[in-house]
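Chemist: My questions all concern the structure below.
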Amino acid sequence: MPYQQAEPILEVQGLKKYYSVKGMRREFKNQQVKAVDDVSFTLNKGETLGLVGESGCGKSTTGRAILRLIEPSAGKVLYNHEDILKKPAREFRKIQKDMQMVFQDPFSSLNPRIRIGESIKESLTIHSIGNRNEREEMVMDILGKVGLRPDHYFRFPHEFSGGQRQRIGLARALVANPSILILDEPVSGLDVSIQSQILNLLQDLQDEFKLSSLFISHDMSVVRHISDRVGVMYLGKLMEEADTDTLFSNPVHPYTKSLLSAVPIAKVGRKRERIVLKGEIPSPLNPPSGCIFHTRCPYAMDVCKQVVPEKIQIQDRHTVACHLYN
Amino acid sequence: MGQPLLEINNLQTHFNTERGRVTAVDGISFSVEKGEILGVVGESGCGKSVTAQSILRLFDEKYTASYDGEIKLQGEDLLKLSKANMEKIRGNEVSMIFQDPLSSLNPVFTIGFQLTETIRIHQKHTKQEAYQMAIELLRMTGIPSPEKRIDEYPHQLSGGMRQRVMIAMALACKPKLLIADEPTTALDVTIQAQILDLILELNEELGMAVVFITHDLGVVAEICTRVVVMYLGQVVEEANVEDLFTNPLHPYTKGLMKSIPQIEGNRSEKLNVIGGTVPALTDIPKGCRFATRCEYANDLCKEKAPDLQLHEGHHKVRCWHYADIARKEAVEHAIPTS
């Protein structure tokens, strides 16, 4: 039961990332794209928090902004009660050792001309962990833990399959022994039989390294499988957050409901009430007023068009931003 | 039922590569009845897309590809047709939509231009008529205000809209068969739901048969009537959708179904895993192709390749031991392990 002694390790408060729009067209002058708009959540020790949403909802930007791979526009990220966004670069380096990221496509994040052993070792060198021989040993050790062979150390990225590359990505993230792992669509490019191998490996490693992870994905069923808690994002905002079982059995936000009902189920004879959303995600350049979802919401009321809904707690550990529950 | 709409007999597709001749599709046989939706599932590299493209003979036959077997469309063998006659089949009788609509649309022409071009290649219409037909097609595929959208360029449309345009283009000549190669893979789930509904609707209204290629078993359960499961260039199981999901017989199909995380029901601690990876086409196992990853494989499987055999009804399976496995599982179910 990871959440009974819930102890926050990472607190994200009011995180924002705005991009100003440059271009010739006059109507875009001084406009901003709100990629992530006032997102707050807490990651507890030993917990996996899933972040789901469709493309363009800002889930990846959130993950990157926490690690300052993209510098956020506003907000706080508290790691062990210290705001890491205010740290000068030199000090932030040290914290970076504790927070690692795994990307969707490890092939484009691995240098094709460097042997994978060296790629993995780089993070140890940067953080000056161990001496030369120790580092090599640590890399061999981590290769074993992610299910690769020691002789893979000397191979190049192109010699590996998709699943193996994702294992390399995991090895590289874990070699410096981090406490937080941010996974950005780590299994999206993989076939189901390989996906299940990687998900199981990930669960083993989370236990072994006592990791707290932020799992970003568009795949509801994968998120349900791996996460303890889940946050649902839409157009840069966090719409609903709850424990996994609560969210999937009793979703309250209309967006969450329709999202879940749209997922095809690999069973027959299950005729579900499917809520098909009209239209498409609005342009983030010109987001709807009030509740950002009201243009597609089947329950939209007048108030939704004017007032931005506040985040309300409807139950213990279950928050939602929707006027229906006010 | 009389003659099936499409009948594929022992189709083989070979490619000449630097490492020698590779047989990507090796002895596929299945048929598509009029008005049905047939699902073809499998993981990457299993040959599902090659099968689809072979039906329309889209590969370069001069240098790289060659075909064996038969592909009969209403009794006529497409593999024997001349280039010119094949051209008449494509788009008219059989049309195809692809995974990535952006790379199938020409970025420098408006969608209206591309649609009217398609119509005018296959049918005799004036530009004006074709333009009106194009608007109708766009309306049919659910594009809002098609009169305005028709003069836009592909980059002005979203992913879902582009796929609708592709479908409109495929429907231009009212084909009898639509081949959909992973049409919703690149789309978000809410948009995927819209497109799947559209395909179902068109299937019912126009009585158009669909070959739906996908890697997603959920999508198959949702829209298909019959399913073909492929592994490494061969059909390993074929069944009605109910039979396949309630009673999968091949160890690969079983493993695949158990390794998908579920969105409802109990959450299992660990997922079932099919060990290993798909072997390369240049290095195909001698016996059963799945033997290297199968938990039930024995010496027979490693030596001799099984045939696709009829289980019952329309349920076919390519496995030596499927009956034994089914029996064993029935026993295990009867005695709960404590």
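Chemist: Counting only residues that are closer than 30 Å to A:C304 by Cβ and in the same structural domain as A:G290 (by TED's automatic domain parsing), give me the helices (runs of 4 or more DSSP H) lying completely in the range A:186-275 with at least 3 of them. Can you show your working first?
Modeler: Working: elements: A:192-209, A:220-226, A:244-249, A:254-262.
Where helices (runs of 4 or more DSSP H) fall fully within the range A:186-275 and carry at least 3 residues being closer than 30 Å to A:C304 by Cβ and in the same structural domain as A:G290 (by TED's automatic domain parsing), they are A:220-226, A:244-249, A:254-262.
Chemist: Turning to a different aspect of this structure: Residue under question is B:E303, and the condition is that it be in contact with a Pro (Cβ under 9 Å, 6 or more places away or on another chain) and touching a residue at least 12 places away in the same chain (Cβ under 8 Å); does it hold?
Modeler: Values: in contact with a Pro (Cβ under 9 Å, 6 or more places away or on another chain): no; touching a residue at least 12 places away in the same chain (Cβ under 8 Å): yes.
Taking the combined requirement at face value, the residue does not satisfy it.
Chemist: For the range A:150-167, which positions are of a type in the set (D, E) and more than 14 Å from chain B (Cβ to nearest Cβ)?
Modeler: If the condition is that a residue be of a type in the set (D, E) and more than 14 Å from chain B (Cβ to nearest Cβ), then A:D151 is the only one that fits.
Chemist: Can I ask one more? Of the residues B:N272, B:N203, only one is more than 18 Å from the chain's Cα centre (by Cα), surrounded by fewer than 20 Cβ atoms within 10 Å (Cβ to Cβ) and among the polar types (S, T, N, Q); which? Before the answer, list the steps.
Modeler: Numbers: B:N203 fails: more than 18 Å from the chain's Cα centre (by Cα).
It is B:N272.
Chemist: A further question follows. Taking the options B:M208, B:M161, B:M166, name whichever one is without any contact (Cβ under 8 Å) to a residue 24 or more places away in the chain and within 24 Å of the chain's Cα centre (by Cα).
Modeler: Values: B:M208 fails: without any contact (Cβ under 8 Å) to a residue 24 or more places away in the chain; B:M166 fails: without any contact (Cβ under 8 Å) to a residue 24 or more places away in the chain.
The unique qualifying residue is B:M161.
Chemist: Right, next: What's the number of the only condition in (1) more than 7 Å from chain A (Cβ to nearest Cβ); (2) surrounded by 18 or more Cβ atoms within 10 Å (Cβ to Cβ); (3) under 25 Å from B:V32 (Cβ atoms) that B:N240 fails to meet?
Modeler: The failed condition is (2).
Chemist: Can you pull out every residue in the range A:168-190 that is crowded, with 23+ Cβ neighbours inside 10 Å and within 12 Å of chain B (Cβ to nearest Cβ)?
Modeler: A:V187
Chemist: List every residue pair whose Cβ atoms lie under 6 Å apart, where the two residues are 6 or more positions apart in sequence or sit on different chains, the first residue falls within the range B:322-333 and is under 17 Å from B:L300 (Cβ atoms), and the second residue, located anywhere, is surrounded by 10 or more Cβ atoms within 10 Å (Cβ to Cβ).
Modeler: B:Y322/B:L249; B:I325/B:Y296
Chemist: Could you please tell me which pairs satisfy a Cβ distance under 9 Å, a separation of 6+ or placement on different chains, a first residue in the range A:191-211 that is more than 7 Å from every other protein chain (Cβ to nearest Cβ), and a second residue that is buried (at least 23 other Cβ atoms within 10 Å of the Cβ) and of a type in the set (D, E)?
Modeler: Sorted first by the residue in the range A:191-211, then by its partner, the list stays empty.
Chemist: Turning to a different aspect of this structure: So B:P306 ticks every box in (1) over 19 Å from the mean Cα position of the chain (by Cα); (2) within 10 Å of another protein chain (Cβ to nearest Cβ) but one. Which box is left unticked?
Modeler: (2)
Chemist: Another question, if that's okay. Checking the structure you have, find out if any residue of the range B:27-47 is in a strand (DSSP E or B), out of contact with any Pro (no Cβ under 9 Å at 6 or more places or on another chain), modelled with pLDDT of 90 or more and surrounded by fewer than 18 Cβ atoms within 10 Å (Cβ to Cβ). Full working, then the answer.
Modeler: Taking the range B:27-47 first, the residues in a strand (DSSP E or B) are B:27-32, B:37-41.
If we keep only those that are out of contact with any Pro (no Cβ under 9 Å at 6 or more places or on another chain) as well, we get B:27-30, B:37-41.
Now restrict to residues that are modelled with pLDDT of 90 or more: B:27-30, B:37-41.
If we keep only those that are surrounded by fewer than 18 Cβ atoms within 10 Å (Cβ to Cβ) too, we end up with B:27, B:29.
Checked the range B:27-47: at least one residue is in a strand (DSSP E or B), out of contact with any Pro (no Cβ under 9 Å at 6 or more places or on another chain), modelled with pLDDT of 90 or more and surrounded by fewer than 18 Cβ atoms within 10 Å (Cβ to Cβ).
Chemist: Quick check, is A:G290 more than 25 Å from A:F215 (Cα to Cα), assigned by TED's automatic domain parsing to the domain that holds A:V12, assigned to a loop (DSSP other than H, G, I, E, B) and at pLDDT below 90?
Modeler: Values: more than 25 Å from A:F215 (Cα to Cα): yes; assigned by TED's automatic domain parsing to the domain that holds A:V12: yes; assigned to a loop (DSSP other than H, G, I, E, B): yes; at pLDDT below 90: no.
In short, no.
Chemist: Please find, within the range B:255-265, the residue that is nearest to the other protein chains (Cβ to nearest Cβ) out of those that are surrounded by fewer than 21 Cβ atoms within 10 Å (Cβ to Cβ) and in a helix (DSSP H, G or I).
Modeler: Residue satisfying both the conditions and the ranking: B:M257.
Chemist: Can you tell me which residues in the range B:79-115 are among the aliphatic types (A, V, I, L, M), surrounded by fewer than 18 Cβ atoms within 10 Å (Cβ to Cβ) and outside any helix (DSSP H, G or I)?
Modeler: Listed by number, the residues that qualify are B:L81, B:V108.
Chemist: Another question, if that's okay. Looking only at the range A:229-263, count how many residues are surrounded by 20 or more Cβ atoms within 10 Å (Cβ to Cβ) and charged (D, E, K, R).
Modeler: 4
Chemist: While we're on this one: Would you be able to say whether some residue in the range A:48-66 is among the aliphatic types (A, V, I, L, M), surrounded by fewer than 19 Cβ atoms within 10 Å (Cβ to Cβ) and at pLDDT 90 or above? Show your work before the answer.
Modeler: Initially, the range A:48-66 is screened for residues among the aliphatic types (A, V, I, L, M), giving A:49, A:51-52, A:65-66.
After this cut, where a residue has to be surrounded by fewer than 19 Cβ atoms within 10 Å (Cβ to Cβ) as well, the list is none.
No.
Chemist: Taking B:E269, is it assigned by TED's automatic domain parsing to the domain that holds B:A297 and assigned to a helix (DSSP H, G or I)? Spell out how you get there, then give the answer.
Modeler: Values: assigned by TED's automatic domain parsing to the domain that holds B:A297: yes; assigned to a helix (DSSP H, G or I): no.
Judged against the criteria, B:E269 is not a match.
Residue-by-condition table, conditions (1) within 9 Å of chain B (Cβ to nearest Cβ); (2) under 25 Å from the mean Cα position of the chain (by Cα):
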position	(1), (2)
A:L259	yes, yes
A:V276	yes, no
A:I281	yes, yes
A:P298	no, no
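Chemist: Take residues that are small (G, A, S) and away from chain A (no Cβ under 13 Å) and tell me which of the helices (runs of 4 or more DSSP H) falling wholly in the range B:144-236 contain 1 or more.
Modeler: Hits in the range B:144-236: B:159-171.
The values are calculated or read from the model by the stated rules, or taken from the named source; none is laboratory data. Just so it is clear, the model here is predicted, and its values are computed rather than measured. Neighbour counts are summed over all protein chains in view; Cβ atoms, including those assigned to glycine, are modelled from backbone coordinates with ideal geometry.
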